[in-house]
Amino acid sequence: MIREHLPTFERELHNVIPGTIIEEFKDPKLSRPMVRYWFPDASAAATEQGLEVVRQELRDMYKAGYSGVEIAMVPRFAIFDSKKYGWGSPLFQKLIKEILKECNTFSDPPFKVDFTSTPQWPVSVDTIDPNDDAASMEIAYKMQKITSLTGAMNLELPAKRRLDFAGAPFIFQDRFTAATAAKVTAVGENGVLVLDPASMKDITGSVSERDDLTTPAGIPDMNDPYCRQEYANLRMKLDGDRPDYSMQENFQDLPVTDVNVMRVFGEAPPEGTAEKVDAQGRRKRLADIQSYYRISDLSLLGIPNTVDSENSIKPGDWVLFGFYQRGTGHSLGSDVKMFYPVNNGEPGIPYVIDHFSTYGSHSTQSFWDHKIFDAELLELLEQNRGGLFEDSIETLSASPFWSEKPAAAIC
């Protein structure tokens, strides 16, 4: 079969369209491989000797025939002071400038320098938290039986999340997204319900926020009675394989106290601060509000008069599904049980962005604009014509991914 098609393929190869990948592979100068050049931190920029080692390695790569490098900060196995050597620190900025300066001297052929958007993977920044629109989102649900056809019905929320993916204390918001109702046709031995597809109703428009109940959410304030109750039987389970540099100890199985929350998220802004994050980057405690929801008039749902008030579910009953958007709580490295600050020095968790919306991409762009880019670096990047990209997504969630206002925001 291959021999039969080979002559045709050879004829097509000699008539390739200019600019295509086939044409590039025909020219060795255009098809040279690049090197993945990873740094555990920015300490190489701390001394001229360290920078010269980097420059010489880049020269060796160029002489060997490579066409460029991918620069990534991969701190997975490193212990370092993030205030001095972290991603976005002055030394990190100096390191990438020196790399660009050296590579921009290689002109015939040029030597391209690409940078990953943020350290390691997936894209994450320490300027957001799981309740922010820019954070990685999932869709959760809660099912309950409809036991009446008159009056109001309060919707139950999914099980409250009070720890993020890595085990750090954080009270997640559940934001109502949609609601449906359906008739049960069978109940399996294992309790799995079989629903009648023809009976399914979209009842989203019948759901409204309750005006009699809200609770706080966000970074816990352990001076608040609500938080003390929520975390009475929970402990921080940050069983990472690298200690925080400043303390030389792991956050393993520690009580959720105000001091330990500060060790993770940094110092809180002064009392009465209106903004969620102040000008110094300090994050307000309990900055978010959890709303609760209800159906005010069940008679408007148009459900047949077959419901009963028993809690058990049987064929013929109707059930309601409430769907809620919430943050995944996935942070840099939490898939491999790491936890530590890596970004520009301040305590804080680099949370994964929403990869499916402009909210997430804008948060990454904003970090570069405010903490990394300056006139000199932008000029060096313009000369090099490299790019910013993501090495690997590898996002995690406990349920299907979602996105903030997906119809309007998904790129």
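Dipole magnitude for the range 95-158: computed about the Cα centre from +1 point charges on Lys and Arg Cβ and -1 point charges on Asp and Glu Cβ, it is near 240 debye. By the compact-protein rule of thumb, 2.2 N^0.38 Å, the alpha-carbon radius of gyration of the range 52-174 corresponds to a ratio of 1.76. Neighbour counts of other Cβ atoms within 10 Å put Val307, Val194, Val352 in the fewest-to-most order Val194, Val307, Val352. Size descriptors for the range 142-234, from the alpha-carbon set: Rg then Dmax equal 17.5, 51 Å. Near Lys63, which lysines are there with a Cα under 25 Å away, not counting those fewer than 8 places off in the same chain? Once the sequence-local lysines are set aside, what remains near Lys63 is Lys26, Lys29, Lys94, Lys97, Lys101, Lys112. Across the range 266-331, Cα-Cα distances exceeding 16 Å account for 70% of all pairs.
Ordered by the count of other Cβ atoms within 10 Å of each Cβ, fewest first, Asp258, Asp374 give Asp374, Asp258.
A short reminder: the numbers here are calculations on the coordinates, not readings from a lab. None of these values were measured; they are calculated from a predicted model. Every residue, glycine as well, gets a Cβ built from its backbone with ideal geometry; the counts of neighbours run over all protein chains shown.
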